[in-house]
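Here's the structure, in structure tokens; my notes come after.
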Amino acid sequence: MKDGKLNAIYWPLRLTYGLVPLLAGLDKYVGLLADWKSYLSPTAASLLPMAPSTFFHAVGVVEIAVGLAVLAGATRLGALAASGWLIVISLDLVLGGFFDVAVRDLAMAVGAYALASVAGVRGEAFVPHLGSVAPPAAHAHSG
């Protein structure tokens, strides 16, 4: 596939899966987009070792980190994390009876997986710069 055609797929996905988690994560602190606590199933809430508001602040940190990873160049890692995260969210949404939102999040999980796949086809490292770090030189033992 030509680079131009691959870029036409890659960049919209990268921007989407970078900005959406970043904004959703920030919104866990300001609450402009949704009442996030209303999406927490009673089953999941009963298993939490903390208050739902504290839990959602932690969720916000994870979502911000995932968005920044995608935008900062750790696209494959961030996109796979987003995909897994969205699947877990979908399971909670099913438990809470939010089937329509669960289906949407599963579709988004497929898109995040597609982004990770396209990034791999582009030759991106799973974790950037990790492969370029030379291993430490072996030290000779002196006797």
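Give me the residue from segment 4-58 that is without any contact (Cβ under 8 Å) to a residue 40 or more places away in the chain, over 18 Å from the mean Cα position of the chain (by Cα) and under 30 Å from Gly120 (Cβ atoms) and, out of that set, surrounded by the fewest Cβ atoms within 10 Å (Cβ to Cβ).
Gly4
Of the conditions (1) more than 19 Å from Val101 (Cβ to Cβ); (2) out of contact with any His (no Cβ under 9 Å at 6 or more places or on another chain), Ala44 clears all except one; give me its number.
Here Ala44 clears every test but (1).
Can you tell me which residues in segment 67-109 are over 13 Å from the mean Cα position of the chain (by Cα) and charged (D, E, K, R)?
Within segment 67-109, Asp92, Asp100, Arg104 qualify.
Go through (1) surrounded by fewer than 20 Cβ atoms within 10 Å (Cβ to Cβ); (2) over 25 Å from Gly123 (Cα atoms); (3) at pLDDT 95 or above; (4) of a type in the set (Ser, Thr, Tyr) and name the single condition Ser90 misses.
Status for Ser90: all satisfied but (1).
Looking at Tyr17 and the list (1) over 20 Å from Pro128 (Cα atoms); (2) modelled with pLDDT of 95 or more, which single condition is not satisfied?
(1)
Where the second residue is among the aliphatic types (A, V, I, L, M) and surrounded by fewer than 17 Cβ atoms within 10 Å (Cβ to Cβ) and the first is under 16 Å from Gly18 (Cβ atoms) and touching a residue at least 24 places away in the same chain (Cβ under 8 Å) and lies in segment 75-101, which pairs have Cβ atoms under 6 Å and are six or more apart or on separate chains?
Between residues of segment 75-101 that are under 16 Å from Gly18 (Cβ atoms) and touching a residue at least 24 places away in the same chain (Cβ under 8 Å) and residues that are among the aliphatic types (A, V, I, L, M) and surrounded by fewer than 17 Cβ atoms within 10 Å (Cβ to Cβ), the close pairs are Leu77/Val127.
Quick one: what pairs do we get from segment 104-129, first residue in contact (Cβ under 8 Å) with a residue 12 or more places away in the chain, second exposed (fewer than 14 other Cβ atoms within 10 Å of the Cβ), C-beta under 6 Å, 6+ apart or different chains?
As it stands, the answer is Ala125/Gly131, since those pairs meet every condition given.
The values are calculated or read from the model by the stated rules, or taken from the named source; none is laboratory data. Everything numeric in this text was worked out from a predicted model, so none of it was measured. When we count neighbours, we look across all protein chains shown, and the Cβ atoms used for this are built from the backbone with ideal geometry, even at glycine.
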